[in-house]
Amino acid sequence: MTVEQVKKSESAEYIGKIENIMVYEGTVSDLPAVIYYDFDGNKLWSGMYIIDSDYVNNNLYIRDYDKLKKGLIAKYGNPIHENDEIWYDDLFQDEPRSNWGTAIAAEQLSLMTVWDVDGTKISLTLTGSDFEVMLGINYSSPEKEQASEEIDLDDL
């Protein structure tokens, strides 16, 4: 997609532009979100939806993660990686899943589900740092994935 195509198709409120990134505020599955479109020149490379909820109970982010995952499965089919749990510490690992919100906020656990749709990588991620939780969906074009790999190889 081009910049003009994104402007015409996006119904969320335009907030502004940061370098090559267009920023909108809207909703995703009835959840408030900040939406980012990252361009290389006039070509869309990636899109990101960051859920803009502020819960006192961090377990509610898990509920939202599950809601988004269900919607993405309905839209894109089964993921290639589902509910990958990445534990950085095992303090909360024996807790029931419904209590993992504290582990996520404390940067002890991240959840991720990944799809590959015609080469576009779609990642649903729930992670945290310093008791701030981040829930988001990222869409990356095959060209961006290839460019990232080339940069990594050049750094060796």
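The values are calculated or read from the model by the stated rules, or taken from the named source; none is laboratory data. Not measured: the values here are computed from a predicted model. With ideal geometry, Cβ positions are generated from the backbone for all residues, glycine too; neighbour counts draw on all protein chains shown.
Structure values in brief
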| read-out | value |
| --- | --- |
| Set Tyr37, Tyr24, Tyr49, Tyr65: member being surrounded by 11 or more Cβ atoms within 10 Å (Cβ to Cβ), of a type in the set (Ser, Thr, Tyr), assigned to a helix (DSSP H, G or I) and touching a strand residue (DSSP E or B) at 6+ places or on another chain (Cβ under 6 Å) | Tyr65 |
| Test for Val56: is it outside any loop (DSSP other than H, G, I, E, B) and either of a type outside the set (S, T, N, Q) or more than 21 Å from Pro32 (Cβ to Cβ) (or both) | no |
| Members of segment 68-81 that are farther than 13 Å from Thr125 by Cβ and surrounded by 13 or more Cβ atoms within 10 Å (Cβ to Cβ) | Gly71, Ile73, Tyr76 |
| Residue count, segment 89-112 (criterion: part of a helix (DSSP H, G or I), touching a residue at least 40 places away in the same chain (Cβ under 8 Å) and of a type outside the set (Gly, Ala, Ser)) | 3 |
| Among the residues listed as Lys144, Lys70, the single one being of a type outside the set (A, V, I, L, M), modelled with pLDDT of 90 or more, over 14 Å from the mean Cα position of the chain (by Cα) and in a helix (DSSP H, G or I) | Lys70 |
| Residue check, Asp66 farther than 16 Å from Met112 by Cα and out of contact with any His (no Cβ under 7 Å at 6 or more places or on another chain) | no |
| Of the criteria (1) under 19 Å from Ser140 (Cα atoms); (2) in contact with a Ser or Thr (Cβ under 8 Å, 6 or more places away or on another chain); (3) of a type outside the set (S, T, N, Q); (4) in a strand (DSSP E or B), which one Ile86 fails | (1) |
| Residue match in segment 84-95 (condition: modelled with pLDDT of 95 or more, among the β-branched types (Val, Ile, Thr) and within 16 Å of the chain's Cα centre (by Cα)) | no |
